[in-house]
Amino acid sequence: MQKMKKHLFATPFFFRVIVIVGLLCYGSFTFSMYATPTDSTWQTKGFDFHISGGIYMAGKHAAMYYSGAAENENNLNYIFGNKYYYDQINEFMLENNPEIGDSVFLGTLPSQMTYKPALSISLGFRYKFNRHWGLSMTYYFAKLTASNTFLLKRNGELGNKKPMEYEEYLVGKESRSFIDLTASYLFHPHPIIKPFIEMGVQFNYARVNKFIALFRDEDSGKEKEFDLLNIYPGQSYIPNTAMTEEKIVYGGAGYGFSFAAGLKLAINNTVSIDPTFYFSAGSIGLNGYKSIDFHYGAYVRIVMSDLVFKSR
């Protein structure tokens, strides 16, 4: 199961974000030649621009879209209810498990699915009306993975033994984008440490990139994938026939509310590093799972005032 356990922090996506954030951090300290921040010189109007990286933890309700249950628009019946796919499953299982005898059948499905914590990046800006109030718009992006196991059972018994169960895997991969439009308030208790809060509305879009059933033999290391995204709606798959594949986009738009809070750590009057905690309550556009759920995140923002550009 090594392929499934590939660590998040070993992905090229992660390293690209680290390089970007690292360069911005280096640039921010380069700007330290500017005056040490003071409340009397803090910019009261204008734009702040930010980029951030962090961890996004999606609510588990929408993850049940990948449970394989029959009521879902993409499910395990897609392969177990098709003779040709089912024959391939049996062939693979019998090849690697001679004790099965004749065939296997679908057993217990996962009672819950959860998304793994995902690396997320964001870009945004804030317009400051005065030294306290501002209006922010932020775009976030994350790639999510939901996974769990389901059980196969063999048909019948072998001697006096009970029917044996085989643990197989469900894996769903999803891209999620969301835009937050928020009102923000910045406190000024200290020239360098400045708490802030943001509250507003969210518009999001989720897209299913991949949904598979993975059958794996632990002894031999052999595995076989079956795509569970139905690309032949209204048809039953028959091999070696001229079937028309449809490019169906599974997913859609959603909405919600968001809240963020953090500390602005001012390097100077133009650059800051802002550790930020994020929370949203929103509907995700996956059919059958659009009810409100809660999502969390922790980010580090690199923020630059438009004074950086005006000073040059």
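Quick rundown of the values:
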quantity	calculated
ILE197, sole failed condition from (1) within 30 Å of TRP133 (Cα to Cα); (2) in contact with a Ser or Thr (Cβ under 8 Å, 6 or more places away or on another chain); (3) surrounded by 15 or more Cβ atoms within 10 Å (Cβ to Cβ)	(3)
Qualifying position, being surrounded by fewer than 13 Cβ atoms within 10 Å (Cβ to Cβ) and either touching a Leu at 6+ places or on another chain (Cβ under 7 Å) or touching a residue at least 24 places away in the same chain (Cβ under 8 Å) (or both), among LYS128, LYS222, LYS153, LYS173	LYS222
Lone unmet requirement of (1) more than 30 Å from ALA281 (Cα to Cα); (2) in contact (Cβ under 8 Å) with a residue 40 or more places away in the chain; (3) not charged (D, E, K, R) for LEU94	(2)
Residues within the stretch 225-260 that are surrounded by fewer than 14 Cβ atoms within 10 Å (Cβ to Cβ), more than 23 Å from SER175 (Cβ to Cβ) and of a type in the set (A, V, I, L, M, F, W, C), tallied	3
Given (1) buried (at least 19 other Cβ atoms within 10 Å of the Cβ); (2) at pLDDT below 95; (3) more than 30 Å from ASN96 (Cα to Cα), number of the condition ARG216 does not satisfy	(3)
Residues within the stretch 49-64 that are of a type in the set (Gly, Ala, Ser) and in a loop (DSSP other than H, G, I, E, B), tallied	2
Residue that is surrounded by the most Cβ atoms within 10 Å (Cβ to Cβ), among those in the stretch 65-83 that are of a type in the set (A, V, I, L, M) and assigned to a loop (DSSP other than H, G, I, E, B)	LEU76
The stretch 261-312, subset closer than 19 Å to ILE55 by Cβ and of a type in the set (Ser, Thr, Tyr), residue surrounded by the fewest Cβ atoms within 10 Å (Cβ to Cβ)	TYR296
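Table: residues versus (1) farther than 26 Å from ASN287 by Cβ; (2) in a loop (DSSP other than H, G, I, E, B); (3) under 30 Å from the mean Cα position of the chain (by Cα); (4) at pLDDT 95 or above.
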residue: MET1; (1), (2), (3), (4): yes, yes, yes, no
residue: MET4; (1), (2), (3), (4): no, yes, yes, no
residue: GLY22; (1), (2), (3), (4): yes, no, yes, no
residue: CYS25; (1), (2), (3), (4): yes, no, yes, no
residue: SER28; (1), (2), (3), (4): yes, no, yes, no
residue: SER40; (1), (2), (3), (4): yes, yes, no, no
residue: TYR85; (1), (2), (3), (4): no, no, yes, no
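The values are calculated or read from the model by the stated rules, or taken from the named source; none is laboratory data. On a predicted model such as this, the values are computed, not experimentally measured, just so you know. All Cβ positions, glycine included, derive from the backbone under ideal geometry; neighbour counts span all protein chains shown.
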